Amino acid sequence: MSLNRMSRRYDRFLGPDVAADVRDELRFHIDAKVHDLIAQGWTEEAARKEAARQFGNLRSTQREGERIGDSIERRKHMKEYWSDLLQDVRYSFRKLVRSPGFSAVAILTLALGISVNIVVFGILNEVILHPLHVTEPQNLYQIFHKEWMSGGPSYPAFEDFRRRNATFADMAAVYGLSSVGLQWDNTVREVSGYDVTGNYFDLLGVRPELGRFFHESDEHGPGSAPYVVLSDALWRREFHADPGVIGTTVNLSTHPFTIIGVAPPDFQGLERFFWPGYFVPMVNEEQVEGWDFLHSRLYNPVAVIGRLKPGVTMQQASDNLNAIAHELATEYPATDRDQSARLVRPGLEGDRRDVIREFLSSVMVLALLVLLAACANLASLFAARASDRSRELALRVALGSSRERLLRQLLTETILMSLLGGVAGMACAKALLSVLSRWQPFGTGSEQLVIAVDVRVYLFGLFLSLVSGIAFGFIPARHAWQSRPLQAMKNNPPESTHPRRFTARDLLLCAQIAMCSLLVTASLVALRGMVRALSAPLGIEPKHTVVAQVGLGMVGIGGGEALAKQKELIDAAESIPGVQAAGIVNFLPLSGSGMSGIPVYWPGTVDQSLSSQVLDTRVYPISPDYLKAAGTRLLTGRNVRWRDDAHAPRVAIINETFARKMFGNGPAVGRHFLLWNDLYEVIGVAEDGKYVDLNESPICAVYTSTAQMGQSSTVLVLRSKLSSRDIAAALQRILTDIAPTAPITIRTWENALSNVLFPARAAAAALGVMGTLAAMLALTGIFGMAAYSVSRRMKELGIRAALGARRFQILHSAVGRPFELLVFGSFVGLVAGFFASQLLGKIVYEADSRDPLVMCGAIATMAFLGFVATLIPARRALGLNPSALLREE
């Protein structure tokens, strides 16, 4: 008989001690052979030797049989294990079906906690963990100056870095996002895109979805490559995904460009939040931008990206670039004094990566607290349920079930529950992430975050589900492990807990309340931060103000013609009934655009290098009534006038910070300074404001006369007490008559500030949701404990009432413990929130968890939750009838 056949026979027929059976079988056959040989005349010794020879190596055969037996035994154990596990799953599922209310509450609680974490992790995964959609993104770096958010080099300096460096395989430059007028099919639409060097797509290793990309070989000097590559979104939105557009000509800012290709759908350049609509060669930037920066070393408008050579480290590349920067400072001392370089990973506006990572990581920590609070809540519910099932568990022990089997059964129930909650949470999170991917918080434009739910998000959801099931299943399992079956089978009540002793369920509820109190405090801190952001001194009054962006330059209107159009726009706007003031500025403060970093010198300065400048400033060309329309106070001096034109001396209004840094504490009006080689006279001082973001330190700003600068960038600001809808409708008609082909965008100034206020609003929304979920968990946790305590102590409460206990004493006996835990847990949460300012500061604008309003609000919220949660159990305890209750007993 072969060993395989023997194995199959053993597997089918033999008992648990297969090895012993194999030994007995071999001994029987050897003895039978010896007996036959002796009958043939052999001696006993010779017969045994011959039998051993015929059967071969007995010890080896025995070991082989024992190995087969062990294998069979393991397979039997595995079959029994999986059979028992399947039985546990079926039993657990039946238990859940028999308690639909309990199951629904538990699954919903888990789904909310898990979905919040998956949403936050999905964003974190897309923004931080997910690589860019380019070839070998780990070798890509962006080159910045050493100062935080100080930008990249000038285009001529970029060419020097590219030509002289020995550590990068290649470098490319990017300028954008630029807004231009796209003229197609007799209409003009405002779109935003990038000016990039010809090697941009080759450096990134991207392949077109349709047509081709432009290359360095297409460039032969300024204006030599009038080509445009469309993004997939722009191609589908404006050209209806027509493949026939390849080779056709469109106008960008009135200049003809040929469409040669369409970028793939998942490519948005090297920034997570910005989706450019087009890409054009940088040699044609003057046609798109309206000015030439390719030959100027004074300004730093380009972002530089590079791919390291194999084997080159980040430090080696940084040292090489800084050596080149030192050479440039020697060769061009007037403009390249500070070209020191450092490498930053692309994807999140360079330096903002650390800020965004800290923000998302901190929100992730608070989201995990929500899940922990949910697990604590469910652990309390399952512990109470296990206590009620003590007789059932005791009977199972009496019928032969081991404590290990009970432990596995209870953990199977909780893990099954958590997996169902995880599936529900994943479905909810996926729907929310899909909504976020389609959401454009700043209106229709280039800012968007598309979140792809990949395998890491699913694995994270599965991990949270399993860990949650084990976490909240440990308490009931521990209760079952330590239970006394004999006492439970007698149906005796469990031993009472000393009134001063905390049980495991008490500690769970206390921890849950502490976490919920911390989250409620965080949500109130975020709410206060948003209020501060909305009421921060901006130097403008956006209420009752409508802004209209008119793309005059996008349709070829510039110079004197643009100034005439701007005057016409203002006169027409002021004629609208109810308009109090109307003015024009080139770019709105806090819009993310504008002329910044402009050097200012003392009058008479000959060496106008960066080392000779007194300060740098932002510049806003304005019309006479802009300050009044914007709500910016003129502290001293006069406003600009229309006669302050190109034929009059240059004039400027400076803000307080500029006046203090330039002229000290002395009077500024009548003083002079150099700007763009022109001598400007200070005619007024305006109040300080916010120009870039809410967290900025005071910076310098200059308002010049738009009549002296001839800016075609036009933003019309109207102040009126009428409704913005009425003003917008009238303004749309007027502007369309004056500039019928120019793209026009009209909105309230408050909506225009969505970009800068978005972080505060996002923090308030995120922490507000978490605080609400935490409040719901605290409410259900306190209610569950109070209701369970009253139901288990009805007889005791009846006796107390029969013996003359007062209502307050009965109330204290019924719900006193939950209130004690509420007070203690809330105190711990408030103290934790008090010391969590550093964590909250990474999320909330001007976070201050020690704000008296926040502390009082958190205390009031937790007290209200405690009152609502114990109201029904308290009414039940006070409304009991002692005589009826004792008769039932």
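The values are calculated or read from the model by the stated rules, or taken from the named source; none is laboratory data. Since we're looking at a predicted model, the values are computed, not measured. Note: ideal-geometry Cβ built from the backbone for every residue, glycine included; neighbour counts use all protein chains shown. Areas reflect the complete protein model, heavy atoms only, side chains present, ligands, DNA and RNA absent. Shrake-Rupley method; radii C 1.70, N 1.55, O 1.52, S 1.80 Å.
Would you kindly calculate the translational diffusion coefficient of the stretch 572-729, applying Stokes-Einstein with the Kirkwood radius from alpha carbon pairs, for 10 °C and a viscosity of 1.306 mPa s, and quote it in µm² s⁻¹ without decimals?
Using the Kirkwood radius from Cα pairs, D works out to 97 µm²/s.
Backbone amide hydrogens, once placed in the peptide plane, bring Leu615 within less than 5 Å of Val600, excluding anything fewer than 5 places away on its chain.
Ranked by the mean number of other Cβ atoms within 10 Å of their residues, highest first, the peptides 751-761, 852-862 come out as 751-761, 852-862. Protection proxy ranking, highest mean first, for peptides 729-739, 189-199: 189-199, 729-739, where packing is the per-residue count of other beta-carbon atoms within 10 Å, averaged. Note on the stretch 584-708: with neighbouring protein chains present and a 1.4 Å probe, carbon and sulfur make up 48 percent of its accessible heavy-atom surface.
Amide H contacts of Ala263 (H built 1.01 Å from N, in plane; Pro and chain starts excluded): Glu209, Leu230, Ser231, Asp232 sit under 5 Å, all sequence-distant by 5 or more or on other chains. Computed with a 1.4 Å probe over protein heavy atoms only, the accessible area of Arg357 comes to about 80 Å². Between Ala701 and Arg618, Asn655, Phe658, the built amide H atoms are under 5 Å apart, and every one of these is 5 or more places off in sequence or on another chain. Give the separation of the Cα centroids, the stretch 201-274 to the stretch 598-621, in Å. Rounded to whole Å, the Cα centres lie 39 Å apart. Estimated at the nearest 10 Å², the accessible area of Lys49 is 130 Å² with a 1.4 Å probe. Here the 3J(HN,Hα) profile of the stretch 715-722, calculated from phi with Karplus coefficients 6.51, -1.76 and 1.60 at θ = phi - 60°, is 10, 8, 10, 10, 10, 7, 8, 6 Hz, Gly and Pro shown as x.
Please state the shape class of the stretch 180-282: rounded when a/c is under 1.5, otherwise prolate if a/b exceeds b/c and oblate if not, all from the C-alpha gyration tensor. Rounded. Computed from phi, the 3J(HN,Hα) profile of the stretch 620-625 under the Karplus parametrisation 6.51, -1.76, 1.60 (θ = phi - 60°) reads 10, x, 9, 8, x, 9 Hz, with x in place of Gly and Pro. Applying both filters, DSSP loop and at most 14 other Cβ atoms within 10 Å, to the trypsin sites (Lys or Arg not before Pro) of the stretch 88-163 gives Lys146. Phi angles of the stretch 124-135 translate, via the Karplus equation with coefficients 6.51, -1.76, 1.60 and θ = phi - 60°, into HN-Hα couplings of 4, 5, 6, 7, 9, 8, 6, x, 5, 7, 9, 6 Hz per residue; Gly and Pro are given as x.
Based on protein heavy atoms only, the stretch 258-326 ends up with 37 Å² per residue of surface accessible to a 1.4 Å probe.
Ordering Val119, Val180 by accessible surface, largest first, gives Val119, Val180; the 1.4 Å probe counts only protein heavy atoms, with every chain in place.
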